[in-house]
1. Considering the Cα trace of the range 484-528, what is its radius of gyration and what is Dmax, both in angstroms?
2. Relative to the present Cα-Cα distance, how much length would full extension add between LEU389 and GLU519 at 0.36 nm per residue of separation?
3. Run the quick spin-label model on ALA579 and HIS534: label points 7 Å from Cα toward the beta carbon, then report their separation in nm to one decimal.
4. Testing the spin-label approximation: label points 7 Å from Cα along Cα→Cβ at ASP203 and GLU320. State their distance in nm.
5. What shape does the range 226-330 have by the C-alpha gyration tensor, where a ≥ b ≥ c are the square roots of the eigenvalues, rounded means a/c under 1.5, and otherwise prolate means a/b greater than b/c and oblate the rest?
6. What whole-number distance in Å separates the alpha-carbon centres of the range 316-382 and the range 408-487?
7. Rounded to the nearest 0.05, what FRET efficiency do ALA312 and ALA589 have when you use their Cβ-Cβ distance and R0 = 60 Å?
8. Dipole magnitude of the chain about its Cα centre, charges +1 at Lys/Arg Cβ and -1 at Asp/Glu Cβ only, in debye to the nearest 20?
Amino acid sequence: MDFPDLAGRTGGFRHGAPHDVVVGGDGARVVFRRSAGRFDAAASLWVLDVAGGVEQQVAPGPVERFGADRDATVAAYAIDGRLFRADLRTGDVEAVATAEPVIDPCPDPAGVSIGYVTPGDCLRIAGPDGTDELLAGEPAGSSWRDPGGVRWGVTDPAGREFGRRRGWWWSPDGAQVLATRTAGSVSLHLLDLDGGWVDVHWDRETYPYLVDVQWADGGTPLITVLRRLQQHGLVLSVDPRTGETQVHAELADARWVEPIPGTPRHLPDGRVLVGGELAHDGFDARCLFADGSLLTPPTLYIRRVIGVVPRADLIVEATEGDPSTRDIFRVRASLGGGGATATRLGPARPAAVGGDVLVIGDEVRRGDEVVHQLRSYAEPLPYSPQPILARVTDRRLPAAVLYPPDHVDGTRLPVLLTFGDGPGRQQVTRDAAGWQERAWWAGCGFAVVSVDPRGTPGVAPSFEKAVHRRLADVVLGDVLDALQDLTGKHPDLDLARVAAHGTGLGGWLAGLAVTRRAEEVRCGVARDPITDWHDVPVAFAERYLGRASDAPEMYAHHALAPDLPHPALLVSAGAGLDAELTFIRELLA
């Protein structure tokens, strides 16, 4: 059975859909990238005039990244290192001369100057009068790529592990830039465009991880910092004149702190929005708080904060009840009685907020009305899988079984047990895009079984963090217990013919299943597996296992390398689906 090109990663089938959407702060314009279809990855830059309902192409592809000013009147982007400035009201585009090739350009909030990072990890500002000045950088030849090198305005590896994608931010008035400097450790600095600068002061030795930075209109910069073992953190406000910081909130957990994306942030009334956990009075939830007051119903598991709309309502992505679903909710954040309330707006899709305009997927909404549908040239997905979802064992583990489309009840089937991309990634969802490769395997004659063991988000914080310092044992135990439990309602699962499959850390788990639970898992495929946790990014590894120097036996217990090579495990690095299928079929025969 041929596997459609790109279907397993599904990204190819999303080419042609609007993405990287930005809504201007006044709600007048929506800026986004979109390509011509499935086989065109070179996305163009587009703008929608919300009032007129007209979409206009601003720049042909490939536009890989862009930045926009506060009201989306100006966009900046780079092609092959050349900087371009686009007037989003008129559609006019002009090339901007720069002293060095351009990476990560972004206009200031007023659309006057454009900041960018250079290949040498310096931060420069292209002014409106043709100037291009170095704002921050080290002497030539001392880039981070050289021993002892320094990076300015570039995301550090630990920051990426926490989801931080930027290393510099404009002040609301465009007079300053807040930038990271990475030289072994990460520091933060306030840089004036006229040459002055101050350091941001916090105890960087105690709190070395800079998790998030937010600086929006009406507020001072807010940063989140964590201790190395991630069990304690601080939300700090920064004085933009002196760099001094003030504690707004403390974050603490005996296992690890899990900040909520999109927080902290200032609400329109001046309160500071912080993500946290509610673990008393029978509740076990990820929630949002403003200056200590609970804003979200404890029945919601908050995934991220998308933005704020008029009347200070929050737009959030969250799960309510069923962990296989993710939805967009409007949450009342204004002061007043009545308690926390949330209104479901629809299934979770990429979303953005500006003014009174909310974009969800391809729908542009103003209030409760859909005022425009962004055109999409995305191809339909090749498969329409219908996995059977359930909660199994006394731990109520989310699980799913996907049968071949021509399956006849009473026919025993070999089982493909999938570990996906590993810990912290859900597999049991209702999103058809995430099931495309598994649908191919089902079409090859397997009953595909996926389980979200403890350690997976979406159920509750305690469920997610139960793997602390015992990841491998808990995950393998949960998955194989779930497989046994499923046979009660799925007697066609042949547990004498079970294969495992995973990628990256999922490949590591698949390898452990084959080598350590051989009586239950006969063979498997590990795509690009992690074989030694010393090779995992430190922030990720220590979240689960602690410091390697403190617990060498923990790292040894979680290593796959000593078990390799193994005759029942194919360690695949681009071998292809056909080779993987052949290997599994031969060993299950």
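1. 11.4, 34
2. Working it through step by step, the gained length comes to 44.2 nm.
3. Going by the 7 Å Cα→Cβ label model, 2.8 nm.
4. Label at ASP203, label at GLU320, 4.1 nm between them.
5. Working: a/c = 2.07, a/b = 1.25, b/c = 1.65.
It is oblate, given that a/c is not under 1.5 and a/b is not larger than b/c.
6. 28
7. Working: r = 63 Å, r/R0 = 1.05.
With a Förster radius of 60 Å, E is 0.45.
8. I would put it at about 980 debye.
The values are calculated or read from the model by the stated rules, or taken from the named source; none is laboratory data. Since this is a predicted model, take the numbers as computed values, not measurements. Because the Cβ atoms are built from the backbone with ideal geometry, glycine has one as well, and the counts that use them run over all protein chains shown. Ligands, DNA and RNA are excluded from the accessible area calculation, which covers all protein heavy atoms including side chains. Shrake-Rupley method; radii C 1.70, N 1.55, O 1.52, S 1.80 Å.
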